[in-house]
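Okay, so here's the structure we're looking at.
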4 protein chains.
Amino acid sequence: MIATPYRRRAFYYETDQMGIVHHANYIRWFEEARLDYMRQAGLVYSKMENAGILMPVTEVQSKFCAPIRFDETFEVVTRFARFNGVRAWYTYEIRSADTGALAVTGSSCHCFLDAATRRPINLKKQYPDFYETASAILRASQTEKEQA
Amino acid sequence: MIATPYRRRAFYYETDQMGIVHHANYIRWFEEARLDYMRQAGLVYSKMENAGILMPVTEVQSKFCAPIRFDETFEVVTRFARFNGVRAWYTYEIRSADTGALAVTGSSCHCFLDAATRRPINLKKQYPDFYETASAILRASQTEKEQA
Amino acid sequence: MIATPYRRRAFYYETDQMGIVHHANYIRWFEEARLDYMRQAGLVYSKMENAGILMPVTEVQSKFCAPIRFDETFEVVTRFARFNGVRAWYTYEIRSADTGALAVTGSSCHCFLDAATRRPINLKKQYPDFYETASAILRASQTEKEQA
Amino acid sequence: MIATPYRRRAFYYETDQMGIVHHANYIRWFEEARLDYMRQAGLVYSKMENAGILMPVTEVQSKFCAPIRFDETFEVVTRFARFNGVRAWYTYEIRSADTGALAVTGSSCHCFLDAATRRPINLKKQYPDFYETASAILRASQTEKEQA
């Protein structure tokens, strides 16, 4: 799947007194970008939650290479990296859209929970259609990567 | 009721690039202070929610007189100003604990909702015990104010 | 001036456990919308700060009529309401772009500070060109309102 | 150095619609805990910044094992893990103070920048006193770990 990078300006309230975006906000941008990526792939997370599936974050990693400043437009390239029905992995690259400079790289891991019981879900067993859809997105994503 | 002012340091991530606490955070401090005040008065909000009563904010006002800076200790004096079973009003004064200088004044108004139906609750009719408790806190708060 | 309303989706991290956008975030949305409005009017706030003029918030008011939910697209109509060279007033209306329902109304007041000294600025005296530009935007905004 | 764990309640506005603390907030808690740890060790970060040394985050990692909920008291145990004058590494463990259950583990890496030039600082060369102080804290921290 060829997704359009997620793109917006950095807000004033996202800065701190160092004069740059506070690092915890990049973790929030990962979320914004991931949900935008999923939407482009046809998986609208709000619908997933309404259908009873939660996808909480179990792990997150981030390297901060160069700061993003207030009013700067940034872009996030999200990749769906791995998926086995029990966990899903995403990677992120945040760049300044003004300069193209790499600002932040990162990754996140997610599990799936039943919204009612809060117990882990194995999508392959419990939601096979959803498992197939996600697997197809992963394959399309990998093909894209190989071609890039 | 004589409540101890709510007190903590300003966090680094609460500042913005002006080098002061971002104004939206004071609205969050009102919430921290209000829930602390309620707890001191014997009304633990997490228990209220568990019992099925939500208390969302319907209005908020704030004047920013002087900034609070990173690492500064601030104090919030909360007053329970008015209550009629359908709405509750609180007022707030945030001061620098270091200098005593007035930083922010504000107020908030709240209604009560049934957590399941999200419909308004009249506490006087539907939760008379809770209404009496809150009314007693209001009276104690007003007596304190007159004596001050 | 006829500004395009500010528009985006509500982020997941902007919700709280009531299942709606936390009220302090609407104050942040006012800021996003105000800076977008100013940009459309030709006043880019990041350039103002670079030129040494800060525009902090001195007052904010807000009424919460109906909640915005995760993933909902909202629109903010900002109006430049008053300006005298020492203070500027803005008003805001947030609506659900999906239903058109009014969600939040509010207003903010701002002063102007010298970035170096942090002392108040009277734009009329100290930055007459900027004062004229802002006054022209105000007049255009009022004409628009009368015609609406 | 034997530091007292950092401890407070989770705020309402830190939750999201999953009914738990949003994961980006744990990254903020790491910061709160780190600055508290440094203060206990005699290194007050606000004084460092005033003295012209910034300590931005260059990397952060986190595993989310169990959620913290609104109103729950949590504790963060911070360890000063490594330091070479150019970078400093910290690790964190967040536990529910109510149950003792491990909620989040994580680590962060930091560099040192000259506040004026924003260029990297080698503390060993440029601030030898500060380097010695930090090294002594590291040794004390390691001794404590061995004895634990």
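None of the figures in this text is laboratory data; all of them are computed from the coordinates on show. Since this is a predicted model, take the numbers as computed values, not measurements. For neighbour counting, all protein chains shown are included, and Cβ atoms are generated from backbone atoms with ideal geometry for every residue, glycine included.
Points worth noting:
- Amide H to amide H, with H built 1.01 Å from N, A:R8 comes under 5 Å of A:F74, counting only residues 5 or more places away or on other chains.
- Percentage relative contact order, chain A, counting C-alpha pairs under 8 Å, at least six apart: 26
- Exceedance of the 26 Å cut-off in Cα-Cα distance is limited, within the set B:K63/B:K145; A:K47/A:K145; A:K47/B:K47, to A:K47/A:K145; A:K47/B:K47.
- Considering only chain C, the C-beta nearest to the rotation axis that sends C to A is found at C:R8, 4, the distance in whole Å.
- For the protein assembly as shown, the Cβ-based charge dipole about the Cα centre amounts to some 0 debye (Lys, Arg positive; Asp, Glu negative; other atoms uncharged).
- Charge dipole of chain B about the Cα centre (unit charges at C-beta), most positive-ward option of B:F80, B:A10, B:A33: B:F80
- Taking the label point 7 Å along Cα→Cβ, A:G52 and its counterparts in the other copies are spaced 2.4, 6.4, 6.5 nm apart, in ascending order.
- Per-residue 3J(HN,Hα) values for region B:68-81, derived from phi via the Karplus relation 6.51 cos²θ - 1.76 cosθ + 1.60 with θ = phi - 60°, read 9, 10, 3, 6, 5, 8, 10, 10, 10, 9, 9, 10, 8, 9 Hz in sequence order (x marks Gly and Pro).
- Shielding by partners for peptide D:50-59, expressed as the average number of C-beta atoms from other protein chains within 10 Å of each residue's C-beta, is 3.
- Mean per-residue shielding of peptide B:108-114 is 1, counting Cβ atoms of other chains within 10 Å of each Cβ.
- Using a 7 Å Cα-to-Cβ projection, C:R139 label spacings across copies, nm, ascending: 6.2, 6.6, 7.3
- Summary of the geometry: region D:62-91 and region D:95-148, compared by the centres of their Cα atoms, lie 11 Å apart.
- Residue order, fewest to most beta carbons within 10 Å, for B:I68, C:I2: C:I2, B:I68
- Dipole magnitude of chain C about its Cα centre (Cβ charges: Lys, Arg +1; Asp, Glu -1), debye to nearest 20: 420
- Region B:1-86: relative contact order as a whole-number percent, Cα under 8 Å and 6+ apart: 52
- Residue ranges A:93-99, D:98-104 sort as A:93-99, D:98-104 when ordered by packing (mean number of other C-beta atoms within 10 Å per residue, highest first).
- Take the Cα radius of gyration of region D:1-90 and divide it by 2.2 N^0.38 Å, N being the number of residues; the result is 1.19.
- Using just its DSSP H runs of length 4 or more, each adding -39500 (n - 2.57), chain A gives a mean residue ellipticity at 222 nm of -10000 deg cm²/dmol after division by all residues.
- Debye intensity ratio I(q)/I(0), log10, region A:60-122, q values 0.13, 0.17 Å⁻¹ (C-alpha model): -0.48, -0.66
- Rg ratio for the protein assembly as shown: its Cα radius of gyration over 2.2 N^0.38 Å, N being its residue count, equals 0.99.
- Inter-chain Cβ neighbour average for residues A:25-33, partner chain, 10 Å: 5
- Computed packing ranks the peptides C:18-31, A:4-17, A:119-132, D:129-142 as C:18-31, A:4-17, D:129-142, A:119-132, most packed first, by mean other Cβ atoms within 10 Å.
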